[in-house]
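Take a look at the structure set out below.
Any read-out appearing in this document is the output of simple, stated calculations on the displayed coordinates, not a laboratory observation. Remember, predicted model here, so these are calculated numbers, not experimental data. Heads up, the Cβs are rebuilt from the backbone with ideal geometry, glycines too, and the neighbour counts pull from every protein chain shown.
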Amino acid sequence: MLPYDRMLQEYLRDELRVINAHLPRNQKSLADLLREEYPHVVYNNGSTHLFKRKELEYLASLIDADKQEALLLPVLIELGQNQGEAGVICVGGIVEEVISKVLDMPIKGKQKRITIYRPQLALLRRKLKTTTQYVFYPRVLE
Amino acid sequence: MAERVQKIVRDRLSILCMEFVETARESVEARRRLLDQFSQAYKALSIAAGYHGYIALEKELVATEGVSKIAAGSRNIAGVRTPSFELTGPERAIRGYSLVDTSSCVDRAAQLAEKCLESTAELAESQRSLELLGMEIARTKRISNALEYVMIPALQATMKYLYMKFEERDREEKSRLKRIKVLLQ
């Protein structure tokens, strides 16, 4: 490998480490977060991420009480496959239901992913600022 | 590889710009809301002062000093750590002043003042986020430009040079083989 390549690979690794340092160690369910006094999750880098109670209450108003146990937060938004697209990672149908209600349009997931476009992403982030999180696509290293 | 790095940097830059625009919009909105609420609160306070008189109002308000709780934490936007503030605690029905000696004008002024506090926290959050995002955008843009205008052209020039060298060596090899063939014949 050329020294340039090695340097760039190191740089890319560092850059990915920096921009993905905010991934949560584990996601928490909406019901659990609503029970906490200060709803938060811990990131991989040890820092904490505080959820806004208003947002949690908004999400709780969108789904039934039994589904609140299954909705894991923060919802992860994957970037990097395509400049104009973003993928929302959804395990189970609850995220689909929530995103569809937030964006006010029918949405169907494919292979545990929902594909949304930049204008929809902006709208989603405007409504769910603290309950969504970006993930940069690490497969670029392959 | 450099192009892959540039792609991810550019992707990050576009996300940061999108968030910056959103935060700027939010900040303008929060500032406008704060000014409206402050003007309403001052109006309500002057009505209350007019109704009760300054001395009586001051006497009532001396006993009402309360502590507001604010939950301060952080959130991360594509690698940028931004602050997050939220006023906590239930809305107070009894604020400390005498309900017998005061009117609903004081209640209204107090209610509006509490809303002002909430908006101040919101504005502080969005303003600081805006600054941090701006700084990160400038940093990422420098990296992206360095890749686009320095590293990638340099790598392409090196590749071109090496490609030319290999071709030249190839041609030399071919002519050498031809020469050997002629000599052998």
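Treat each spin label as a single point 7 Å out from the Cα along the C-beta direction, and report the B:S39 to A:D64 distance in nm.
Going from the B:S39 label point to the A:D64 one covers 4.8 nm.
Where a Cα-Cα gap under 28 Å defines reach, which lysines qualify for B:K178, not counting those fewer than 8 residues away within the same chain?
The reachable lysines, counting only those whose Cα sits under 28 Å from B:K178, are B:K160, B:K165.
Would you mind checking the pairs A:K54/B:K43; A:K28/A:K129; A:K101/B:K141; A:K67/A:K127 and listing those with alpha carbons more than 25 angstrom apart?
Beyond 25 Å between Cα atoms: A:K54/B:K43; A:K101/B:K141.
With label points built 7 Å along Cα→Cβ from the Cα atoms of A:T115 and B:S74, find their separation and express it in nm.
Calculated label separation equals 3.6 nm.
Per residue of B:68-76, what is the mean number of Cβ atoms on other protein chains within 10 angstrom of that residue's Cβ?
Averaged over the peptide's residues, the number is 6.
May I ask you to sort B:C105, B:C17 by Cβ crowding, counting other Cβ atoms within 10 Å and putting the fewest first?
Least crowded to most crowded, the residues run B:C17, B:C105.
Given springs between every Cα pair under 10 Å in a Gaussian network model of chain B, which of B:S129, B:S14, B:S27 has the largest fluctuation?
Top of the fluctuation ranking is B:S14.
Among A:L30, A:L71, B:L35, what is the fewest-to-most ranking by other Cβ atoms within 10 Å?
Fewest-to-most Cβ neighbours within 10 Å comes out as B:L35, A:L71, A:L30.
If r is the Cβ-Cβ distance from A:V42 to B:V62 and R0 is 51 Å, what FRET efficiency results, to the nearest 0.05?
0.75
Assuming 0.36 nm per residue, please report the length gained on full extension of the stretch B:A154 to B:E3 beyond their Cα-Cα distance.
53.1 nm is the gain from fully extending B:A154 to B:E3.
Provide the gained length on full extension for the span B:K178 to B:L162, in nm with one decimal, where the gain is 0.36 nm per separating residue minus the Cα-Cα distance.
Using 0.36 nm per residue and subtracting the Cα-Cα distance, I get 3.3 nm.
In what sequence do B:D107, A:D14 fall when counting other Cβ within 10 Å, fewest first?
Least crowded to most crowded, the residues run A:D14, B:D107.
Add +1 for every Lys or Arg and -1 for every Asp or Glu among the other residues with Cβ under 15 Å from the Cβ of A:S47, and state the total.
In short, +4.
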